[in-house]
Amino acid sequence: MADDREKSGGSGGGAASDADAHAAATFAQLPALANADAWLVQRGRHLSTECLIEIGAVPFYASIAAGRIAALERGPQLMRPWRFAIRASARSWLGFWQPVPLPGSHDLLALAKRGELRLEGDLAPLMANLQYFKDLLAAPRRLFGGVGS
Amino acid sequence: MTVELEPIQGRYARMEIGGRRQRLYFEESGAGIPLVCLHTAGADGRQWRHLMCDPEITRHFRVLAFDMPWHGKSTPPEGWEGAEYRLTTVGYAEIVRAFCRTLELERPVVMGCSIGGRLVLHLAIEHAAEFRALVGLEAADFQAPWYDTDWLDRPDIHGSRLCAALVSGLIAPQSPAVFRHETLWHYMQGGPGVFKGDLHFYRVDGDLRGRIGRIDTKRCPLFLLTGEYDYSCEPADTLRTAAQIPGVEVAIMKEVGHFPMSENPARFRGYILPVLEKIRALPPSSVQA
């Protein structure tokens, strides 16, 4: 399920910006944040999947094994398969990671309703583990002084 | 050892609702003006416990909250196992009116949240004379869907976990963790397909667009309060609805989400006490049937 957007710059539009670089550098710390959270890993113990998380122009491929981030690889990688994708602009992710996000930026599905975040592919693993993914993707809030979701 | 007893009392009441015998669980506290509280979709009357334990409220109001059929400790009607549960506008209004009738509540105030808030608008349109005042929390004539409700009731996905995970984002980040998780616990305890069935009313059957102009607040005062972090019923949805209702009082609650009474009771108190004060002070001319 290679995607044209990966080559053309993703949902951030155009080449990677400073915001993309900042957000991507933040997101790259996700494995350490997630795997250190024993309760998050425990809650994801029945989950093993591959997903694409797009931070503006920068795609990341997450391999999740029994709730742990086994690998988080920065792309793009041609023809790399994934089960589902979550795509949002760097600005939207940075708003979501604020310690106290503004209304509408505070939840993945709030962003989706506003058209700032797109969910694609087979959403069953996401929906079956929705709180896990909400908490996982909110983990970078801790880097900004927040407490996660 | 001293037992710390709350003033809330719970009872079961049997009544005819929509031509069927039903057994409803309800809780109440206080004395005075009857204040019937309607819980959100997929939850139950426990959401209102903080109001029932607030002496500032219960010394003037008899606060009552029932669990809708299929919810909480109420029993689903006989034969429930043979059909998909789907709440309708008429069916929901009949539950509220039957409850008020059966308990012989004289022109109660009804306060509902979310689907309860939508129903409050329906009551204001169709049955205003029966009520002293109406309060809609997180209420609007319509709001855009934000997920596919088919996910809520599938054998391959844990429904109670999904229901809670979906609504978790409707709680404001500032709400205390203890009340956030208590609110989510209620969602984890709903029966299979019940949240989805409630949302049939919300999404399909209860669209009030085009009918709001019939609300007459001189006949029955109406108050609308919505949390700024509610992205299911957004403040803009409530404000759009309120703009069609002369005389309505509307407030957008800061640092509150979709469950004001249960996610942040202290903050909600600051918004609801003045509303209840105004209801107490209604002149006889505006409370006549």
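The values are calculated or read from the model by the stated rules, or taken from the named source; none is laboratory data. All of these numbers come straight from a predicted model, not from anything done at the bench. Here Cβ is always computed from backbone atoms with ideal geometry, including for glycine, and neighbour counts include all displayed protein chains.
Quick notes on this structure:
- Count of region B:75-115 residues which are in a strand (DSSP E or B), within 17 Å of the chain's Cα centre (by Cα) and within 18 Å of B:ALA43 (Cα to Cα): 4
- Taking the listed residues A:GLY145, A:GLY115, the one that is within 14 Å of another protein chain (Cβ to nearest Cβ), without any contact (Cβ under 8 Å) to a residue 12 or more places away in the chain and either within 13 Å of the chain's Cα centre (by Cα) or on the phi > 0 side of the Ramachandran plot (or both) is A:GLY115, with no other qualifying.
- Flag for A:ARG45 being away from chain B (no Cβ under 14 Å), surrounded by fewer than 22 Cβ atoms within 10 Å (Cβ to Cβ) and at pLDDT 95 or above: no
- Looking at B:ALA172, B:ALA164, just one residue is at the interface with chain A (Cβ under 10 Å from one of its Cβ atoms), crowded, with 22+ Cβ neighbours inside 10 Å, farther than 19 Å from B:ALA139 by Cα and in contact with a helix residue (DSSP H, G or I) (Cβ under 9 Å, 6 or more places away or on another chain), and that residue is B:ALA164.
- Options A:ALA62, A:ALA128; residue that is closer than 30 Å to B:GLU255 by Cα and either out of contact with any helix residue (DSSP H, G or I) (no Cβ under 9 Å at 6 or more places or on another chain) or among the hydrophobic types (A, V, I, L, M, F, W, C) (or both): A:ALA128
- Unmet requirement for A:ALA110, which otherwise passes all of (1) within 14 Å of chain B (Cβ to nearest Cβ); (2) part of a loop (DSSP other than H, G, I, E, B); (3) over 21 Å from A:ALA34 (Cβ atoms): (2)
- A:GLU120 satisfies every condition listed in (1) more than 10 Å from chain B (Cβ to nearest Cβ); (2) in a helix (DSSP H, G or I); (3) among the acidic types (Asp, Glu) except (2).
- Top-ranked residue of region B:10-41 - restricted to ones that are in contact with an Asp or Glu (Cβ under 6 Å, 6 or more places away or on another chain) and closer than 27 Å to B:SER160 by Cα, ranked as surrounded by the most Cβ atoms within 10 Å (Cβ to Cβ): B:ALA41
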